[in-house]
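The structure under discussion appears below in the form of structure tokens.
The values are calculated or read from the model by the stated rules, or taken from the named source; none is laboratory data. Bear in mind the structure is a predicted one, so any value in this text is a computation, not a measurement. Every residue, glycine among them, receives a Cβ derived from its backbone with ideal geometry; neighbour counts consider all protein chains shown. Keep in mind that these areas ignore ligands, DNA and RNA; they rest on the heavy atoms of the full protein, side chains included. Shrake-Rupley method; radii C 1.70, N 1.55, O 1.52, S 1.80 Å.
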Amino acid sequence: MEKEVFISPFLDTRRKLKTNKFPLKIRVFTRYPRKQKLYPTKFEFTEKEFNSVWNTIKPTNEVKPTRAEIQSLLDKADEKADQLTPFTFEAFDRLFYQRAGEPENIFYQYDQVISRLSENKQIGTASNYSLSKRSILKFLQYKTGSDQEPEKLLFREVTPQWLNRYEAFMTGKGKSPTTISMYLRALRTLFNAAISEGTIQQDLYPFGRRKYEIPNHKAVKKALDQQQLKQLYNATPANPEQVKAKDYFFFLFNTAGMNVKDMARIKYENLKGDTLTYTREKTKRTAKANLKQVIVYLNPFALEFIERHGNPDRQPQNYIFDIYTPGMTEAEQFRISHNFTRFINQHLKELAKANGLPEEISTYWSRHSFATNAIRNGASLELVSQALNHSDTGTTMNYFAGFEPVTMKDLTANLMNFLTPPQNEDTGNK
């Protein structure tokens with residue numbers, strides 16, 4: 001079989017070090033596609049030194065140990081490349097740089113995933129893995145009574161009993177079942193990946209029936225009914241911050257439950273008359289093969305909101321709202337949208353509390369409220385699913401808070417109507 005990956009030493013003469021020498025790198029080259037990547041080593045040489053160490057047929061005894069070290073690195077790179085079918089540089093990076101025993105270390109696996117997610121600009125998901133890792137570190141410190149963070153946690157140490165104790169610890173710290181579940185799902189993903197890659201055996205898997213089951217609390221329906229929406233809309237804010245929070249909540253509600261991150265990203269090029277077209281940031285990675293644009297037909301409230309809060313400079317490349325600024329990194333955008341969401345939620349909760357509305361309200365309730373009220377007003381499940389950009393109606397049902405009691409009462413009240421003849425029925429007696 002024709003060789004596809006070639007490994008060789010490469011003296012990088014493009015830049016000279018302070019020692020007046022050049023760094024030696026490991027060159028990895030693939031035939032299909034034609035691509036190469038250079039990997040750093042600890043070695044540095046002048047061109048003459050490198051020739052005497054590597055390019056001479058008979059190296060001197062003085063340089064033989066150095067040559068053997070370089071050859072050992074090349075052999076290791078060859079071995080790792082041969083393990084990969086198909087070969088990818090991403091997988092090679094993980095294998096080449098890991099030290100003995102590292103793959104069995106859960107913290108090493110956390111760091112690898114966090115790094116990949118960050119490089120892929122999935123800042124929110126990377127943050128979730130970081131928080132999951134941090135919570136486990138705190139649990140281990142609690143268990144050992146040590147102030148030092150542990151550097152290692154092996155997969156085989158995490159048993160169903162260990163997971164039960166972790167859950168009890170997190171509950172004692174006041175963490176919600178949703179938070180605990182979120183952190184444990186990240187850990188479970190690491191286990192699944194380690195099994196898939198052959199790092200650990202299936203029998204070490206601690207999750208599932210008769211083992212440890214991650215808490216799966218049914219999501220609370222987060223929707224305001226029509227009366228509550230009217231009450232919130234007519235509520236008198238106590239300060240400018242509450243005015244802003246209320247305005248943004250109703251804009252999100254009127255744009256089919258758009259989330260704050262997507263709202264912050266939309267530009268005037270997405271706006272054509274009374275139509276707003278954009279791609280949800282969440283689906284750009286989860287549904288690459290079937291990306292669908294969200295089309296929102298703006299009602300008078302939404303159009304008037306843009307007039308009041310939008311950037312007066314309507315150049316196509318300008319953001320509509322003054323949340324992001326040009327040139328922000330993905331991490332900066334994540335931080336800004338997170339802080340803006342927190343600002344809205346804080347002042348929205350204060351306004352709701354003062355007016356006898358659910359204090360748990362947040363920007364996310366706008367999406368649930370849109371879905372619930374649209375269906376209650378007669379919209380089909382399929383239509384609402386399309387408006388929410390869901391891939392199936394089953395997901396949409398998770399947003400629906402159910403029909404109001406009066407509707408359910410009407411449903412059953414008339415079931416026996418077939419026993420009562422219509423008032424204008426012709427009995428045949430003339």
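A Förster radius of 30 Å, combined with the Cβ-Cβ distance separating Tyr142 from Ala193, puts the computed FRET efficiency at roughly 0.65. Enumerate the aspartates and glutamates that Lys121 could reach by cross-link, defined here as Cα to Cα under 14 Å, with residues fewer than 8 away along the same chain left out. Once the sequence-local aspartates and glutamates are set aside, what remains near Lys121 is Glu281, Glu330, Glu332. Estimated from the Cβ-Cβ distance and a Förster radius of 45 angstrom, the FRET efficiency linking Lys16 and Asp274 is about 0.15. For region 353-386 and region 146-219, what is the separation of their C-alpha centers, rounded to whole Å? So the separation of the two Cα centres works out to 34 Å.
Taking 0.36 nm per residue of separation and subtracting the Cα-Cα distance, full extension of the segment from Glu157 to Ala331 would add 59.3 nm. Principal-axis analysis of the Cα atoms of the chain puts helix 64-82 at an angle of about 30° to the longest axis. Solvent exposure of the chain amounts to 61 Å² per residue of accessible area, where only protein heavy atoms count and the probe is 1.4 Å. Using a cutoff of 8 angstrom between alpha carbon atoms and counting only pairs six or more residues apart, the relative contact order for the chain works out to 11 percent. Split the accessible area of the chain by element, probe 1.4 Å, and carbon with sulfur accounts for 50%.
Between their Cα atoms, which of Lys42/Lys143; Lys292/Lys353; Lys173/Lys222; Lys3/Lys42; Lys173/Lys349 are more than 30 Å away from each other? Over 30 Å apart, Cα to Cα: Lys42/Lys143; Lys292/Lys353. Once you order the gyration tensor axes a ≥ b ≥ c over the Cα atoms, which shape class does region 118-195 get: rounded for a/c under 1.5, otherwise prolate or oblate by comparing a/b with b/c? Cα axes put region 118-195 in the rounded bin. When all alpha carbon pairs of region 52-205 are counted in 10 Å bins from zero, the resulting P(r) reads 9, 30, 29, 16, 10, 5, 1 %.
Look at the dipole of the chain built from charges on Cβ: of Val53, Thr41, Ala387, the Cα furthest out on the positive end belongs to Val53.
For the pair Glu119 and Lys353 in one chain, pulling the backbone fully straight at 0.36 nm per residue adds 80.1 nm over the alpha carbon distance. The stretch between Leu74 and Gln201, if pulled fully straight at 0.36 nm per residue, gains 42.8 nm over its current Cα-Cα span.
Based on alpha-carbon atoms, the Kirkwood radius and the radius of gyration of region 13-133 give Rg/Rh equal to 1.06.
For the chain, the extents of the C-alpha atoms along the principal axes are 124, 60, 55 Å, listed from largest to smallest. For region 175-205, backbone nitrogen atoms closer than 16 Å to the point 7 Å from Gln83 Cα along Cα-to-C-beta are found at 193-201. Hey, in the GNM for the chain with a 10 angstrom Cα cutoff, which one of Glu241, Glu307, Glu49 fluctuates hardest? Result for the chain, Cα springs under 10 Å: Glu49 fluctuates most. Secondary-structure-derived ellipticity at 222 nm for the chain, considering helices only, amounts to -14500 deg cm²/dmol, per-run term -39500 (n - 2.57) for DSSP H runs with n ≥ 4. Of all the options Thr178, Thr66, Thr277, the one that moves most in a Gaussian network model of the chain with Cα springs shorter than 10 angstrom is Thr66. If r is the Cβ-Cβ distance from Asp313 to Val243 and R0 is 30 Å, what FRET efficiency results, to the nearest 0.05? The pair Asp313/Val243 has a calculated efficiency of 0.80.
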